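FYI, it's all coordinate maths here, none of it is from the lab. Since we're looking at a predicted model, the values are computed, not measured. Because the Cβ atoms are built from the backbone with ideal geometry, glycine has one as well, and the counts that use them run over all protein chains shown.
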Amino acid sequence: MTPKIDSLGTAAAGLSNPVKSSGPAAGTTATTSVATSSPAAPAAPTPPVDKVSLTGDAVRLQQLDRSTAGSSSEPQVDSKRVSSLRSAIASGRYKVDAKAVASKLTRMEWDLAGS
């Protein structure tokens, strides 16, 4: 294991009693200790913390996603209604109410924009 070496001098690090050594004797290992001016080391600055908050819509979407995740992979379909609509479209009896579609699309856009 190697000791950490940084560019700070002993004064910048808050050390009051640096130890000078001429090096270890042949065949021995040197151990150096340095006394600090205070009994407790200064606390490192706290790193910034990221914060995320979800809107009510996002929370509802998460709940919906969780509730549908456990269900079957196929969505529930009203087969009778689908066949009825297919036959109405094929025969020309199905009429689109453009005003109702535009109104619902506009309302959906307002809801998504949060207004």
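Given points 7 Å out from each Cα along the Cα-Cβ axis, report the Ala44 to Ala113 separation in nanometres with one decimal.
4.8
Would you mind computing, in nm to one decimal, how far apart the modelled labels at Ser103 and Ala90 are, each placed 7 Å from Cα along Cα→Cβ?
For the pair Ser103/Ala90, the computed spacing is 3.2 nm.
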